[in-house]
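The next block holds one structure in the form of structure tokens; read it before the comments.
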Ligand SMILES: [Zn+2]
């Protein structure tokens with residue numbers, strides 16, 4: 001398959017196949033009287049959200065037909081507004097204008113690089129905000145809604161290259177739609193547990209997608225597999241944007257020395273530090289030519 005065919009270009013495409021998937025699921029459920037694991041898995045759509053890139057992330061992903069990209073993005077938007085409004089009320093939203101500008105400038109170089117993995121993502125309605133907090137955290141919601149916490153930058157005294165490493169990693173999660181993949185798994189597990197065939201009957205899922213998104217995004221750590229993919233795509237995004245991809249390694253070393261294994265999403269579940277560092281070493285070396293090219297152009 002060509003990368004352009006694998007990329008879900010917009011919600012409309014996803015919705016159409018989602019309806020077909022739901023109808024197939026309902027028919028199957030009616031015939032069987034209950035959802036079996038096989039039926040549920042058969043109802044999942046195989047997609048590849050991104051092109052492989054120089055780092056070669058080629059895994060085919062499985063998404064529930066009950067959660068379209070457009071729907072999840074809508075929920076992410078609502079959650080993002082809630083977070084921002086809470087932080088604004090506390091006076092913690094973009095309190096340091098210079099730091100906000102710095103993070104926005106770095107992200108502004110990473111976004112065009114995202115086109116190498118997912119062309120239409122360069123036209124997402126990206127947003128970058130900096131939250132004043134001791135927390136060492138950063139995330140990117142579906143559709144490109146980014147938050148970086150000041151604790152991460154100030155406690156670890158991050159360089160621009162290191163900020164690019166962390167933001168690139170978070171952007172990679174969004175490009176790969178890892179949140180939708182995890183929500184799909186969650187939903188599958190819920191349906192199986194509750195035997196909620198009736199809720200899905202006729203294709204009218206009456207689930208709380210907002211709650212599902214929030215729980216998945218903030219409550220569940222990323223899997224080891226998702227972390228590795230985000231690491232690899234992240235170093236390529238940084239390199240293409242003209243940031244030293246090797247900074248990912250100094251970033252992780254700093255985080256391990258300062259943060260232990262608690263808190264930030266990128267430390268909560270991941271390959272062992274040694275595995276992660278050796279993987280980053282291999283992949284940052286692989287994208288060095290892209291970094292050199294980008295630097296020559298600047
Ligand atoms: Zn991560």
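The values are calculated or read from the model by the stated rules, or taken from the named source; none is laboratory data. This one's a predicted model, so the numbers in the text were calculated from it and none came from an experiment. Neighbour counts run over all protein chains shown; Cβ positions are idealised from the backbone, glycine included.
So residue 172 ticks every box in (1) under 21 Å from residue 273 (Cβ atoms); (2) modelled with pLDDT under 95; (3) buried (at least 21 other Cβ atoms within 10 Å of the Cβ) but one. Which box is left unticked?
Result: residue 172 passes all but (2).
Being closer than 19 Å to residue 226 by Cα and either in a loop (DSSP other than H, G, I, E, B) or modelled with pLDDT of 90 or more (or both) is the filter here, so list the residues in region 254-276 that pass it.
Within region 254-276, 261, 262, 263, 264, 269, 270, 271, 272 qualify.
Can you work out which of the residues in region 205-219 that are under 13 Å from the mean Cα position of the chain (by Cα) and either part of a loop (DSSP other than H, G, I, E, B) or within 16 Å of the ligand (Cβ to nearest atom) (or both) is farthest from residue 168 (Cα to Cα)?
Residue satisfying both the conditions and the ranking: 216.
So the check is Cβ under 7 Å with 6+ separation or different chains; which pairs have a first residue in region 256-282 that's within 12 Å of the ligand (Cβ to nearest atom) and a second one that's in a helix (DSSP H, G or I) and modelled with pLDDT under 70?
Hits for this filter: 267/259.
Could you pull out the residue among 169, 173 that is touching a strand residue (DSSP E or B) at 6+ places or on another chain (Cβ under 9 Å) and either in contact (Cβ under 8 Å) with a residue 60 or more places away in the chain or on the phi > 0 side of the Ramachandran plot (or both)? Talk me through it step by step, then tell me what you get.
Numbers: 173 fails: either in contact (Cβ under 8 Å) with a residue 60 or more places away in the chain or on the phi > 0 side of the Ramachandran plot (or both).
Exactly one residue qualifies, and that residue is 169.
Within region 54-63, does at least one residue satisfy the condition of being in a strand (DSSP E or B) and crowded, with 19+ Cβ neighbours inside 10 Å? Please lay out each step first, then the result.
So in region 54-63, the residues in a strand (DSSP E or B) come out as 61-63.
Cutting the leftovers down to crowded, with 19+ Cβ neighbours inside 10 Å gives us 61, 63.
For region 54-63, residues in a strand (DSSP E or B) and crowded, with 19+ Cβ neighbours inside 10 Å: present.
Does residue 76 qualify as being surrounded by 14 or more Cβ atoms within 10 Å (Cβ to Cβ) and either touching a strand residue (DSSP E or B) at 6+ places or on another chain (Cβ under 8 Å) or within 17 Å of residue 140 (Cα to Cα) (or both)?
Here the answer is yes, as residue 76 does meet what is asked.
For the condition in contact with a helix residue (DSSP H, G or I) (Cβ under 8 Å, 6 or more places away or on another chain) and either free of Cβ contacts under 8 Å to residues at least 60 places away in the same chain or within 19 Å of residue 294 (Cβ to Cβ) (or both), what is the one hit in 88, 109?
Selected residue: 109, the only one of 88, 109 that is in contact with a helix residue (DSSP H, G or I) (Cβ under 8 Å, 6 or more places away or on another chain) and either free of Cβ contacts under 8 Å to residues at least 60 places away in the same chain or within 19 Å of residue 294 (Cβ to Cβ) (or both).
Pick out the one residue from 51, 121 that is in contact (Cβ under 8 Å) with a residue 12 or more places away in the chain and assigned to a helix (DSSP H, G or I).
On the way: 51 fails: assigned to a helix (DSSP H, G or I).
Unique residue meeting the criteria: 121.
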